[in-house]
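The values are calculated or read from the model by the stated rules, or taken from the named source; none is laboratory data. For clarity, every value in this text was computed on a predicted model and none was experimentally measured. Positions of Cβ are generated from backbone atoms using ideal geometry, with glycine treated the same way; all protein chains shown enter the neighbour counts. For the accessible areas, the whole protein counts, side chains as well, though only heavy atoms, and no ligand, DNA or RNA atoms are used. Shrake-Rupley method; radii C 1.70, N 1.55, O 1.52, S 1.80 Å.
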Amino acid sequence: MVNRIVVGAHYGVGSWLAQRITAVIMAVYSVILLVMFMTGRPISYGVWKDLFSQGWMRVATLLFAVSLAWHAWVGVRDIIMDYARPDGLRLALEVITILMIAAYIGWTVQILWR
Amino acid sequence: MSSAAAKKPRPKYLSLFALLFEIRLPAPAWVSGLHRASGALLFFPFAAWLLYLLDTSLASEQGFAHVRSYLAMPIAKLGLLLFIWAYAHHFCAGIRFLLLDLNKGIDLPQARMTSYMVFAVSILLTAFFGWRIW
């Protein structure tokens, strides 16, 4: 196995680890939600609204959104670093990505705590 | 890695056409490439689309009914189907990568077999949920 150092200034390995931990969090959330939808009552507006007005569901969904943000940042940054070679283009795409992630998080919070 | 090897000029043969039709990539390469493509699609446009749907459906009873009739349109269902495939593939391939990180299934025959499993399971999941939404 490759010797990976997780602490210190080796932030590449930190990102690698963060991407995997956030992946597990999102996988667990996805499976729980899927099982709930498959086994629960048919979804009417009331059921849907009640589900997202519960505290644990709001917090779980926010944890999912934050995991997604971190996970996507690592992944999209990898894609940008692979294909966007000029520094200016790379910087512009990274800034756009960060803005999109911030917008997604803000939107999620707005939806959950309305 | 020695610096001499890094300086050696490498052949570049990276046209998309060649990648798709001339070079026969092994199955694990397709899993990896589609993991990246599906991940990019999930980030944009699907994350934004789903947030819009969640926003509208939770806002009011009319919004919920609107989303329901909107998702009943064939074009929206096709979009949903593509989302389901992207999520399923990204999920299955991701679990495979997690196992590879733990040194599980790194022998070539196993790596090939798990690649075909990722394709099969994600297609089956897409078919199942596609059938459920149609």
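The residues of chain A expose on average 62 square angstrom of accessible surface per residue, using a 1.4 Å probe on protein heavy atoms. In this structure chain B gives 66 Å² per residue of accessible area when probed at 1.4 Å with all protein chains present.
Can you sort B:ARG132, A:ARG90, B:ARG24, A:ARG85 by solvent-accessible area, 1.4 Å probe, largest first?
Working: B:ARG132 125, A:ARG90 60, B:ARG24 220, A:ARG85 160 Å².
Highest to lowest solvent-accessible surface, that is B:ARG24, A:ARG85, B:ARG132, A:ARG90.
For chain A, the convex hull spanned by the alpha carbon atoms encloses 156 Å³ per residue. For chain A, with all protein chains in place and a probe radius of 1.4 Å, 72% of the accessible heavy-atom surface sits on carbon or sulfur. GNM on chain A, C-alpha springs below 10 Å: top fluctuator among A:ALA92, A:ALA27, A:ALA102? Top of the fluctuation ranking is A:ALA92. The convex hull defined by the C-alpha atoms of chain B has an orientation-averaged projected area of 11.8 nm². Under a GNM of chain B (C-alpha, springs under 10 Å), which listed residue has the highest mean-square fluctuation: B:HIS90, B:HIS66, B:HIS35? Answer for the Gaussian network model of chain B: B:HIS66.
Taking every pair of distinct Cα atoms and averaging 1/r, then inverting, what Kirkwood hydrodynamic radius in Å comes out for region A:46-87? Before the final figure, lay out each step's value.
Numbers: mean 1/r = 0.0800 Å⁻¹.
For region A:46-87, the Kirkwood estimate is 12.5 Å.
Quick check of the Kirkwood formula: for the protein assembly as shown, what is the inverse mean of 1/r over all pairs of different Cα atoms, in Å? It would help to have the intermediate numbers written out before the result.
Values: mean 1/r = 0.0487 Å⁻¹.
By the Kirkwood definition, the hydrodynamic radius is 20.5 Å.
Within the assembled protein chains, the solvent-accessible surface assigned to B:ASP101 is about 30 Å², based on a 1.4 Å probe.
Quick check: net charge around A:MET57, other residues with Cβ under 12 Å of its Cβ, Lys/Arg +1 and Asp/Glu -1? Write down the numbers at each step before the final one.
Values: positive: A:LYS49, A:ARG58; negative: A:ASP50.
Net of charged neighbours comes to +1.
Helical runs assigned H by DSSP (4 residues or longer) give chain B a calculated mean residue ellipticity at 222 nm of -24500 deg cm²/dmol, each run adding -39500 (n - 2.57) before division by the residue total.
Would you mind giving the mean number of other chain beta-carbons within 10 Å of the Cβ of each residue in A:63-73, as a whole number? List each step's numbers first, then the result.
Working: counts 0, 0, 2, 0, 0, 3, 2, 0, 4, 6, 1.
What the average comes to for A:63-73 is 2.
Only helices enter this figure: runs of n ≥ 4 DSSP H residues, each worth -39500 (n - 2.57), summed and divided by the residues of chain A, yield -28500 deg cm²/dmol at 222 nm to the nearest 500. GNM on chain A, alpha-carbon springs under 10 angstrom: the most fluctuating residue among A:SER67, A:SER44, A:SER15 is A:SER44.
Evaluate peptide B:37-48: per residue, the Cβ atoms of other protein chains within 10 Å of its Cβ; return the mean as an integer. Each step should come with its number before you reach the end.
Working: counts 1, 0, 6, 4, 0, 4, 12, 6, 0, 0, 9, 4.
Mean inter-chain Cβ contacts per residue within 10 Å come to 4.
Here the relative contact order of region B:22-97, from alpha carbon pairs under 8 Å that lie six or more residues apart, stands at 45 percent. One equal scatterer on each Cα of region B:92-134, no solvent, Debye formula: the resulting log10 I(q)/I(0) at q = 0.24, 0.27, 0.32 Å⁻¹ is -0.76, -0.87, -1.04. Partner aspartates and glutamates whose Cα lies under 20 Å from the Cα of A:LYS49, excluding those fewer than 8 positions away in the same chain, are identified as B:ASP55, B:GLU61. Rolling a 1.4 Å probe over the protein heavy atoms leaves B:LYS77 with an accessible area of roughly 30 Å².
Between B:ARG24 and B:LEU71, what length comes free when the chain is fully extended (0.36 nm per residue of separation minus the Cα-Cα distance, one decimal in nm)? All intermediate terms of the calculation are to be shown ahead of the outcome.
Numbers: separation 47, 0.36 × 47 = 16.92 nm, distance 3.79 nm.
This chain segment gains 13.1 nm when fully extended.
Note on region B:56-134: with neighbouring protein chains present and a 1.4 Å probe, carbon and sulfur make up 74 percent of its accessible heavy-atom surface. Taking every protein chain into account, the 1.4 Å probe leaves A:THR61 with about 10 Å² of accessible area, to the nearest ten. Each chain gives up part of its surface: A and B jointly bury about 2600 Å² of accessible area, both sides summed, for a 1.4 Å probe.
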